[in-house]
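*Asks:* Questions regarding the structure given below will be posed in turn.
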Amino acid sequence: MFEGAGNKTTIPNLSRNRLAALHVPFPQLAEQQAIVAVLGAAREGVGIQERLVHGVESLHASALRDLFALGLRGEETKDSEIGPIPWSWQMKSIGELCQIWSGGTPRKAVPEFWGGDIPWVSGKDLKRPVLEDAVDHLSVEGVESGSRLAPEEAVLLLVRGMGLAKDLPVAAISRPMAFNQDVKALVVKDEFSELSGHFLRSAIYAGKSRLLSQIVSSAHGTMTLNLNDVENLQVALPTDAGELHEIDRTICAIETKVDVHRRKAAALNELYLRLLRGLMTGEVTSDQLAVPDETIGSAA
């Protein structure tokens with residue numbers, strides 16, 4: 001509607017007079033009320049899912065806090081440099097537990113390096129606890145030329161980028177993946193083979209405030225985590241492998257619920273936007289939709 005109505009200047013704008021002169025089509029009052037009712041019901045559904053997402057995210061945060069402070073065995077706690085932990089647990093640094101690998105980016109000018117079957121992870125991918133794929137992909141030649149392949153169960157941690165401004169982007173990977181130079185791969189050493197990538201990711205994320213407090217900002221605003229700070233990060237681990245696995249399963253179950261509700265919220269929001277576009281352009285009319293009679297005229 002507004003395309004072509006703006007002033008042709010360096011900065012596109014729409015003046016008050018031109019805006020006032022635009023003709024806006026609108027339906028009859030009964031149709032307006034029906035449209036409001038449909039959009040109101042859809043928006044309510046989005047709101048319910050968003051509240052559920054907030055609830056399960058809060059549950060996840062509290063579960064991480066409690067599980068890594070109290071464990072599952074009801075034992076006494078002891079003080080540590082990261083706070084109280086169960087009496088039988090031990091403290092280990094990331095440097096003790098893992099090898100830390102660097103990644104890279106193959107030359108973009110060589111098309112043969114790109115579009116293969118190997119996921120190539122960058123900061124934009126680190127939005128879930130476990131990654132099964134990535135937006136970009138490399139060929140075998142691309143990995144060999146300018147990146148590195150992290151093994152299944154490695155943990156990928158963003159150490160440079162604006163993603164560090166809001167949260168700690170970190171994820172375990174479910175299959176071998178390459179990664180760029182802004183990401184470090186934490187590969188568990190053989191002597192700690194009982195430690196899954198997902199549990200390590202959870203232990204790191206439970207203490208994320210300690211890493212986030214050590215982020216430094218460059219002159220041009222890029223956020224960076226120093227390698228020494230990553231290596232020296234202390235995490236608490238159960239000495240009982242059975243307890244470790246139980247905690248891991250508990251956290252996985254909660255994260256599955258978080259993912260389900262996030263997907264539902266995204267789907268409902270997309271439905272709302274499609275309805276909004278369709279109803280406002282006349283592509284969809286209210287008589288094509290089932291609207292409860294009691295909502296018409298009462299939705300606002």
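The values are calculated or read from the model by the stated rules, or taken from the named source; none is laboratory data. Keep in mind that what you see is a predicted model, and the values were worked out from it rather than measured. Note that we place each Cβ from the backbone using ideal geometry, even for glycine, and neighbour counts take in every protein chain shown.
*Asks:* Of the residues that make up region 69-88, is at least one in a helix (DSSP H, G or I) and either touching a strand residue (DSSP E or B) at 6+ places or on another chain (Cβ under 8 Å) or not charged (D, E, K, R) (or both)?
*Replies:* Within region 69-88, the first condition is being in a helix (DSSP H, G or I), and the residues that meet it are 69-70.
Then drop every residue that is not either touching a strand residue (DSSP E or B) at 6+ places or on another chain (Cβ under 8 Å) or not charged (D, E, K, R) (or both), which leaves 69-70.
Within region 69-88, one or more residues are in a helix (DSSP H, G or I) and either touching a strand residue (DSSP E or B) at 6+ places or on another chain (Cβ under 8 Å) or not charged (D, E, K, R) (or both).
*Asks:* Continuing with the same structure: Take V258 and tell me if it is of a type outside the set (D, E, K, R), outside any loop (DSSP other than H, G, I, E, B) and under 26 Å from E81 (Cβ atoms).
*Replies:* Details: of a type outside the set (D, E, K, R): yes; outside any loop (DSSP other than H, G, I, E, B): yes; under 26 Å from E81 (Cβ atoms): no.
For V258, the condition - of a type outside the set (D, E, K, R), outside any loop (DSSP other than H, G, I, E, B) and under 26 Å from E81 (Cβ atoms) - is not met.
*Asks:* Take A41 and tell me if it is of a type in the set (A, V, I, L, M), farther than 30 Å from G242 by Cα and at pLDDT below 85. Outline the logic, then answer.
*Replies:* On the way: of a type in the set (A, V, I, L, M): yes; farther than 30 Å from G242 by Cα: yes; at pLDDT below 85: no.
Against the criterion (of a type in the set (A, V, I, L, M), farther than 30 Å from G242 by Cα and at pLDDT below 85), A41 does not qualify.
*Asks:* Just the residues that are in contact with a Lys or Arg (Cβ under 9 Å, 6 or more places away or on another chain) and among the aliphatic types (A, V, I, L, M), please, taken from region 100-130.
*Replies:* Answer for region 100-130, where residues must be in contact with a Lys or Arg (Cβ under 9 Å, 6 or more places away or on another chain) and among the aliphatic types (A, V, I, L, M): I100, V130.
*Asks:* Name the one entry in L70, L138 that is in contact with a Ser or Thr (Cβ under 8 Å, 6 or more places away or on another chain) and either surrounded by fewer than 17 Cβ atoms within 10 Å (Cβ to Cβ) or of a type in the set (G, A, S) (or both). It would help to see each step written out before you state the result.
*Replies:* Values: L138 fails: either surrounded by fewer than 17 Cβ atoms within 10 Å (Cβ to Cβ) or of a type in the set (G, A, S) (or both).
Among L70, L138, only L70 is in contact with a Ser or Thr (Cβ under 8 Å, 6 or more places away or on another chain) and either surrounded by fewer than 17 Cβ atoms within 10 Å (Cβ to Cβ) or of a type in the set (G, A, S) (or both).
Each row is one residue, and each column tells you yes or no for (1) basic (K, R); (2) exposed (fewer than 15 other Cβ atoms within 10 Å of the Cβ); (3) not assigned by TED's automatic domain parsing to the domain that holds T105.
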| position | (1), (2), (3) |
| --- | --- |
| N180 | no, no, no |
| E191 | no, yes, no |
| R210 | yes, no, no |
| T256 | no, yes, yes |
| R277 | yes, yes, yes |
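*Asks:* Is it true that G47 is part of a loop (DSSP other than H, G, I, E, B), over 27 Å from V155 (Cβ atoms) and free of Cβ contacts under 8 Å to residues at least 24 places away in the same chain? Give the derivation first.
*Replies:* Details: part of a loop (DSSP other than H, G, I, E, B): no; over 27 Å from V155 (Cβ atoms): yes; free of Cβ contacts under 8 Å to residues at least 24 places away in the same chain: yes.
Taking the combined requirement at face value, the residue does not satisfy it.
*Asks:* Within region 116-126, count every residue that is farther than 14 Å from S147 by Cα and in contact with a Leu (Cβ under 8 Å, 6 or more places away or on another chain).
*Replies:* The qualifying residues number 3.
*Asks:* Could you please give the count of residues in region 233-266 that are without any contact (Cβ under 8 Å) to a residue 60 or more places away in the chain and more than 15 Å from L200 (Cα to Cα)?
*Replies:* The number of residues fulfilling the criteria is 6.
*Asks:* Scanning region 180-208 for residues that are at pLDDT 95 or above and among the polar types (S, T, N, Q), which turns out nearest to Q234 (Cα to Cα)?
*Replies:* S202
*Asks:* I would also like to ask the following. Just one of (1) surrounded by fewer than 21 Cβ atoms within 10 Å (Cβ to Cβ); (2) out of contact with any Lys or Arg (no Cβ under 8 Å at 6 or more places or on another chain) trips up L164, so point out which.
*Replies:* Checking L164 against (1) surrounded by fewer than 21 Cβ atoms within 10 Å (Cβ to Cβ); (2) out of contact with any Lys or Arg (no Cβ under 8 Å at 6 or more places or on another chain), the one that fails is (1).
*Asks:* When you check G197 against the structure, is it surrounded by 15 or more Cβ atoms within 10 Å (Cβ to Cβ), under 28 Å from A69 (Cα atoms) and out of contact with any helix residue (DSSP H, G or I) (no Cβ under 7 Å at 6 or more places or on another chain), yes or no? If you could, list the steps in order and put the result at the bottom.
*Replies:* Details: surrounded by 15 or more Cβ atoms within 10 Å (Cβ to Cβ): yes; under 28 Å from A69 (Cα atoms): yes; out of contact with any helix residue (DSSP H, G or I) (no Cβ under 7 Å at 6 or more places or on another chain): yes.
Answer is yes for this residue.
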